[in-house]
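These notes are about the structure you will find just below.
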Amino acid sequence: MGNFLYRYRGVVGFIAFVVVYLMAHPEYKSILLSIPLIVIGLVIRSWAIGYIGRHSRSKEICARIYITAGPYRFIKHPLYIGNFFLVLGVLIAMSAQFIISAIVLLLFGLEYFLISKSEEKYLHNKFMNKDNTQYCNEGTLQQKFKWKNVLIEFNTIVTIIFIYGFIIIKIHWWELLKIK
């Protein structure tokens with residue numbers, strides 16, 4: 001199930017966005033409240049992507065090395081922590097109802113729990129040494145932060161801009177409905 005969710009994680013997120021969007025009643029103040037969370041999410045994701053690179057965008061779970069540098073020193077899945085902040089920020093921006101937000105966050109947690117279990121199984125099978133005592137890297141690949149990897153985050157930034165554009169359209173749509 002984790003592999004399936006990994007492959008279709010973007011589709012799952014899009015469906016969740018559409019459902020929340022249709023039920024949302026956003027306001028400009030909710031957008032302003034959400035911006036710090038969005039920035040935190042983008043910073044965490046950019047830091048993590050600086051190490052993991054394009055493998056974060058693959059449709060299949062894969063890795064050339066077992067990364068233990070940067071944010072991966074502290075947590076196993078920093079991209080997912082960044083995603084959590086982005087999802088929370090968007091829910092706040094849309095002024096989503098509490099119950100809808102709670103359901104989305106619960107499903108987000110379940111989805112990424114299953115994905116992370118599949119990733120951990122993959123990493124264990126690929127990088128665990130023969131006596132199952134420690135992870136090891138193949139070859140002499142360096143774990144360095146690369147700014148060119150961060151360019152991959154441009155897709156996330158564009159997506160966030162589109163989401164906020166749709167939220168602003170909905171705000172104006174609601175204002176037009178109130179006038180009539």
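FYI, it's all coordinate maths here, none of it is from the lab. Since we're looking at a predicted model, the values are computed, not measured. Cβ: placed from backbone, ideal geometry, glycine included. Neighbour counts: every protein chain shown.
For the reader, a short list of remarks on this structure follows.
- Over 32 Å (Cα to Cα) - which of K126/K148; K146/K170; K121/K146; K29/K121; K29/K117 fall in this group: K146/K170; K29/K121; K29/K117
- Among I99, I40, I49, residue whose mean-square fluctuation peaks in a GNM of the chain (springs only between Cα atoms under 10 Å): I99
- With θ taken as phi - 60° and the Karplus curve 6.51 cos²θ - 1.76 cosθ + 1.60 applied, the whole-hertz 3J(HN,Hα) list for the stretch 77-89 is 10, x, 4, 6, 5, x, 4, 4, 4, 5, 5, 4, x Hz, x standing for glycine and proline.
- Relative contact order (%) - the chain, alpha-carbon pairs under 8 angstrom, separation at least six: 37
- Dipole axis of the chain (+1 Lys, Arg; -1 Asp, Glu on Cβ), positive-most option in M94, I75, L151: L151
- Rounded to the nearest 20 debye, dipole of the chain from Cβ charges on Lys, Arg, Asp, Glu: 320
- An oblate overall shape is assigned to the stretch 1-87, the ratio a/c of its alpha-carbon gyration tensor axes (a ≥ b ≥ c) being 1.5 or greater and a/b not exceeding b/c.
- Among L5, V20, F84 the positive-end extreme of the charge dipole of the stretch 1-118 (Cβ point charges): L5
- Projected label points at K121 and L106, each 7 Å from Cα along the beta carbon direction, are separated by 2.5 nanometres.
- Build a GNM of the chain with springs between Cα atoms under 10 Å apart, and of R57, R45, R73 the one that fluctuates most is R73.
- Estimated at 0.36 nm per residue, the fully extended path between F166 and Y8 surpasses their Cα-Cα distance by 54.6 nm.
- Candidate values (i) 406; (ii) 156; (iii) 114 were compared with volume of the Cα convex hull per residue in Å³ computed on the shown model; the agreeing label is (iii).
- Per-residue ellipticity at 222 nm, computed for the chain from helices alone with -39500 (n - 2.57) per DSSP H run of at least four residues, works out to -23000 deg cm²/dmol.
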